[in-house]
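What follows is a single structure, written as structure tokens, with notes after it.
What follows is calculated from the coordinates using simple rules that are stated; it is not laboratory data. Just so it is clear, the model here is predicted, and its values are computed rather than measured. Because the Cβ atoms are built from the backbone with ideal geometry, glycine has one as well, and the counts that use them run over all protein chains shown.
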Amino acid sequence: MADERRLPIAADVDVVQARQQAREVAAGAGFTSGDQTVIAAAISEIARNILMYAKRGEIILSVVQNGDRQGVVVVARDQGPGIPDVGRALQDGYSTSGGLGLGLPGARRLMDEFELTSVAGKGTTVSMKKWRRLT
Amino acid sequence: MEVPILKQGHYLIASIQSALTDADLSQLREALIERVGRFRSRGVIVDVTALDVMDSFAVRTLRDIAHMARLRGPDTVILATQPELAFAMVQLGLTLKGVATALDLEEGLAFLNQRGEGRLEDRHPPGGRLDRG
């Protein structure tokens, strides 16, 4: 797959960069402008979480094809402290940072597939996919 | 990137021209609230039509601006949530509850003017007139 982009996340501007790159990749994969916005919003939440909880990490964007579907794949990885209670972290309104607590659950609703693995002291990986039908 | 804030009569107009970082958004909030106090503004308009994404931080900051401004008097109008931004907001579980929105500057100004008249009438019953300083 030619279109794989690795984006380091270590500062405020990287979050903006990540959602702009996401938009580009999604546009390249034929997503509508509305879907590009949705994907960009989900990535914005995930990237901000990396910054807030792990200080640094990376986001990898790629495009996959699966039968008559094409998708944008987002993998966000950090070596931060991990999430002690993944179940609660995915609940609306739960936050340990004083935020709105909508980041993870929001991103999950925006995307078609969402997977979160976290190991205390080792880090967190979020994998998300958004699909569109090829016509 | 700093967002320019224009003073138009009794109103402040902040027009976001490009993508903003979280820090830029926080800076806009501080600058607007400071100016509301300094100029005793009667209305605030924030144009977000050019904002690249409406995520939880952006919505929270806009809501903060509106609520903080309200404590000092003026109403805030947010211009104009594009349909796709609105969709992402709903999916994220975000609303701009209690915050006025308008589609363009004209509509936003009309809303503020209407609110202003309403309040002047409250203060000065028909026939009454207040001569300032």
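Out of A:SER62, A:SER44, A:SER95, report the one residue that is touching a Lys or Arg at 6+ places or on another chain (Cβ under 9 Å) and within 22 Å of B:ARG60 (Cβ to Cβ).
Within the list A:SER62, A:SER44, A:SER95, the selection yields A:SER44.
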In region A:10-28, anything under 17 Å from A:GLU113 (Cα atoms) and more than 10 Å from chain B (Cβ to nearest Cβ) is listed as A:ALA26
Within region B:89-116, residues being part of a loop (DSSP other than H, G, I, E, B) and closer than 21 Å to B:PHE57 by Cβ number 7
Quick one: which residue in B:ASP64, B:ASP55 is among the acidic types (Asp, Glu), under 28 Å from A:GLN91 (Cβ atoms) and surrounded by 20 or more Cβ atoms within 10 Å (Cβ to Cβ)?
B:ASP55
Per the list (1) under 24 Å from A:GLN36 (Cα atoms); (2) in contact (Cβ under 8 Å) with a residue 12 or more places away in the chain; (3) surrounded by 16 or more Cβ atoms within 10 Å (Cβ to Cβ), residue check on A:GLY101 breaks on (2)
Determine which single condition A:SER127 fails, assuming it passes every other condition in (1) within 12 Å of chain B (Cβ to nearest Cβ); (2) farther than 24 Å from B:ALA19 by Cα; (3) under 10 Å from the mean Cα position of the chain (by Cα).
(1)
Would you tally the residues in region A:34-65 being in contact with a helix residue (DSSP H, G or I) (Cβ under 7 Å, 6 or more places away or on another chain) and within 14 Å of chain B (Cβ to nearest Cβ)?
17
Mind listing just one residue for me: the one in region B:67-88 that is surrounded by fewer than 20 Cβ atoms within 10 Å (Cβ to Cβ) and in a loop (DSSP other than H, G, I, E, B) and, of those, nearest to the other protein chains (Cβ to nearest Cβ)?
B:GLN82
Just checking, how many residues over region B:12-25 are more than 10 Å from chain A (Cβ to nearest Cβ) and more than 14 Å from the chain's Cα centre (by Cα)?
1
If I ask for residues that are surrounded by fewer than 17 Cβ atoms within 10 Å (Cβ to Cβ) and within 14 Å of another protein chain (Cβ to nearest Cβ), which ones from region A:110-124 would you list?
A:ASP112
